[in-house]
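Down below is the structure, laid out as structure tokens.
The values are calculated or read from the model by the stated rules, or taken from the named source; none is laboratory data. Just so it is clear, the model here is predicted, and its values are computed rather than measured. Neighbour counts are summed over all protein chains in view; Cβ atoms, including those assigned to glycine, are modelled from backbone coordinates with ideal geometry. Quick note on the areas: whole protein, heavy atoms, side chains included, nothing else; ligands and nucleic acids left out. Shrake-Rupley method; radii C 1.70, N 1.55, O 1.52, S 1.80 Å.
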Amino acid sequence: MSNDETIPITIEFSGGLEILFSNQKKYSLALPAKDESGEPANVAFLVRHLCDKVMKDPRKELFVLDDTVRPGILVLINEADWELEGEDKYEVQKGDHIMFVSTLHGG
Amino acid sequence: MTTVINSLRQQIAICEASLRELRQQLADAEHIQRQQEKASRPKNPLVTDPTDPFDHDMNFGIPDDFRSEIFAVLEQEVKSPVQDDSAHYIRWPLERYEYKRYGRQLIMPEIGIQGQLRLRNARVLIVGVGGLGCPAAAYLVGAGVGTIGLVDGDVVEESNLHRQILHSTARVGMTKVESAIVALNSLNPNVNLVPYTSRITPETATSTFKDYDLVLDCTDNPASRYLISDTCVLLGKTLVSASALRIDGQLMVLNNPPLPPGDTNGGPCYRCVFPKPPPPESVVSCGDGGILGPVVGVMGVLQALEAIKTLTQKPLAFEPPSLLIFSAYSNPMFRSIRLRSRKVKCTACSMHATITPEALDSGSLDYVQFCGSVSPIDALTPQERISVESYAKLRSGVNPFTGTVSNKDNHILVDVREKTPFELCSIDGSINVPFSVVEATPSSSNNDMDVDEEDWIAQLRRSEKPIFVVCRQGNDSQITVKKMKQLGLDAGGKRYIGDIRGGLESWRKSIDNDFPEY
Ligand SMILES: [Zn+2]
């Protein structure tokens, strides 16, 4: 059983979300290929992984709410709204570029 | 001095108002003059100049069918009342000045005569005359959009001027709408500008929007963004929405095409993209987060561009929905993201919509409540807070409570503003622990992870002096006091930790008038 298998992906934060992630906009991540129950890693698992393993800021509620990204954050998979790709059930592929964008309101 | 300034401002406002009036009269008079000139032109204008080899008489040497085709096109554009015996007279669809003024865009295939006529007949509503609305309005007025409505309830402040390019130093204190109209009138007096000097509300939205073809959302808060989107969906208007903060901007053209709710071929609305509002504590304003002038300027200019594209586009030439992300310090600066189509269960634009014209007009939809708000922070007991006056006495060496004189640096003053504003100005002797650092620190210091304590905590733990915490307005300071106590910095209650009520704003007002206001 190859539990240490990982998927290389790029994560990017925009619209101020990077503040929650040590002010770093881009991350190259090796995401475990299987989630906690051995299923292929999907975006829901990625969000949990980011929250538990990458995010150092204690204000988790500014990133996740009710086990998914909070309202006001767009998830973009390879330059497309995740709604076009199956939302959090999308299975993460090698080389994916996944972006989290917080909406802005200033004007 | 204040009364002098106010009276001067008032006088300026009055003069500007009469100037505006005069300009309008002048524009009207010029218009009448042009009409008269046109009417009194010689009946037979087709006499050509034989010395000019390029002067072409359309009566000769042109096939009849071609000629009638051209004339038919021209007739279509100008539904002129004087058509009788001047059938030979070639009337131009645009006024003379319009060819000159708009010539540089007229000669482009993207605009051309048809596009210019569409712009002239168009009515655009700009909601918010700030950092986005100013540049957007300037370009649309410049381009010759026929009618532009301007909605804003605010007055011009000095801190607006670095980015809100229509306003001016002399017009600080004037309503933003009036100030913008002064600038826009001098830019192009031929555009009909309609002022709305109150904030948009559910009760006024429908009546304000209904006469316009296209709406620009240039506002600065989630509640108005949902209200504007809902109104656009209900009235079938395309919406050009933009926003900006710090060094980032976002742009979307929504409800495009603006088909009725339930029609899945219509473009997505704001609620399709953001069904739920963000938690209020995650919403940062330009006043708190900062904004770079050209960043919001770029976004406003792009809104004008999208408006011009939408107004002049060939029928049924709709782009798929997208979100444009601008990031001033990234490379590339622009990125376009494919957006979803209309959401099947959208509460505004789907078959199952619950947001109806009746609900909107009745005012039963509370957008402010829907989006929530951060309640004023009142986290500490009165004993944990000190007024700026008492703190000033304490600094002078007099204990405000006992009256005894003691050492001046008998305490530690912690300023929790971010590093950059702290470097702008600070109270002598204060140390900086940015609030973002405070917030990013886990509450319990003795958790199972045996990590080194962060520097700022370690530094404060080394001393036993009382700690006073200050911030800009007295909110973050309260949260910091709580955090410090959770971290055990108060030595189980033996050491005093408190915040300075009202923060540096109160300090400036009551103690040190020279302290910069920013
Ligand atoms: Zn919708």
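Among the GluC sites (Glu not before Pro) in the range B:418-518, those placed in a DSSP loop whose Cβ has at most 12 other Cβ atoms within 10 Å are B:GLU464, B:GLU517. In a reduced charge model with +1 at each Lys and Arg Cβ and -1 at each Asp and Glu Cβ, the protein assembly as shown shows a dipole moment near 1000 debye about its Cα centre. Surface composition of the protein assembly as shown: carbon and sulfur make up 54 percent of the accessible area, probe 1.4 Å. Between A:GLN93 and A:GLU36, full extension at 0.36 nm per residue minus the direct alpha carbon distance yields a gain of 18.8 nm.
The orientation-averaged shadow of the Cα convex hull for the range B:198-266, equal to a quarter of the hull surface, comes to 5.1 nm². With all pairs of separate Cα atoms included, the range B:145-191 yields a Kirkwood hydrodynamic radius of 11.0 Å.
Calculated mean residue ellipticity, 222 nm, chain A: -1500 deg cm²/dmol, from DSSP H runs (n ≥ 4) at -39500 (n - 2.57) each, averaged per residue and rounded to 500. Estimated at the nearest 10 Å², the accessible area of A:ILE73 is 20 Å² with a 1.4 Å probe. Set the bar at 18 Å for Cα to Cα. Now go through B:LYS393/B:LYS509; A:LYS53/B:LYS485; A:LYS26/B:LYS483; B:LYS419/B:LYS494; B:LYS210/B:LYS309 and name every pair that lies beyond it. As for pairs spanning more than 18 Å Cα to Cα, those are A:LYS53/B:LYS485; A:LYS26/B:LYS483; B:LYS419/B:LYS494; B:LYS210/B:LYS309.
With all protein chains present and a 1.4 Å probe, how do B:ARG91, B:ARG118, B:ARG462 order by accessible area, largest first?
From most exposed to least exposed: B:ARG462, B:ARG118, B:ARG91.
Estimated from the Cβ-Cβ distance and a Förster radius of 30 angstrom, the FRET efficiency linking B:LYS345 and B:GLU453 is about 0.05.
Per residue, the protein assembly as shown exposes 51 Å² of solvent-accessible protein surface, assessed with a 1.4 angstrom probe and all protein chains in place. Figure note: B:ARG101, B:ARG20, B:ARG246 ranked by solvent-accessible area, largest first, 1.4 Å probe, ligands and nucleic acids not counted: B:ARG101, B:ARG246, B:ARG20.
Exposure check, 1.4 Å probe, all protein chains in place: B:MET484 carries approximately 0 Å² of accessible surface.
Based on the convex hull around the alpha carbon atoms, the range A:1-55 presents an average projected area of 3.8 nm².
Judged by the gyration tensor of its Cα atoms, with axes a ≥ b ≥ c, the range B:122-371 is rounded; a/c sits under the 1.5 cut.
To the nearest 10, the accessible area of B:THR310 is 30 Å² with a 1.4 Å probe. Dimensions of the range B:382-510 from C-alpha coordinates, computed as largest minus smallest value along each principal axis and given longest first, are 45, 32, 24 Å.
If the segment from B:GLN11 to B:LYS393 were pulled out straight at 0.36 nm per residue, it would be longer than the present Cα-Cα gap by 133.2 nm.
Taking all C-alpha pairs of the range A:3-102, those more than 16 Å from each other amount to 52 percent. Shown for the protein assembly as shown is the translational diffusion coefficient from the Stokes-Einstein equation, using the Kirkwood radius over Cα pairs, a temperature of 10 °C and a viscosity of 1.306 mPa s: 55 µm²/s.
What does the buried accessible surface come to for A and B, summed over both chains, with the probe at 1.4 Å? Round to 100 Å². Between A and B, the summed buried area is about 2900 Å².
Shape summary: the range B:136-243 maps onto an equivalent ellipsoid whose semi-axes, from the alpha-carbon gyration tensor, are 23, 17, 12 Å in decreasing order. I'd like the distance separating the alpha-carbon centroids of the range A:61-107 and the range B:312-346, in whole Å. With the range A:61-107 and the range B:312-346 each reduced to a Cα centre, they are spaced 16 Å.
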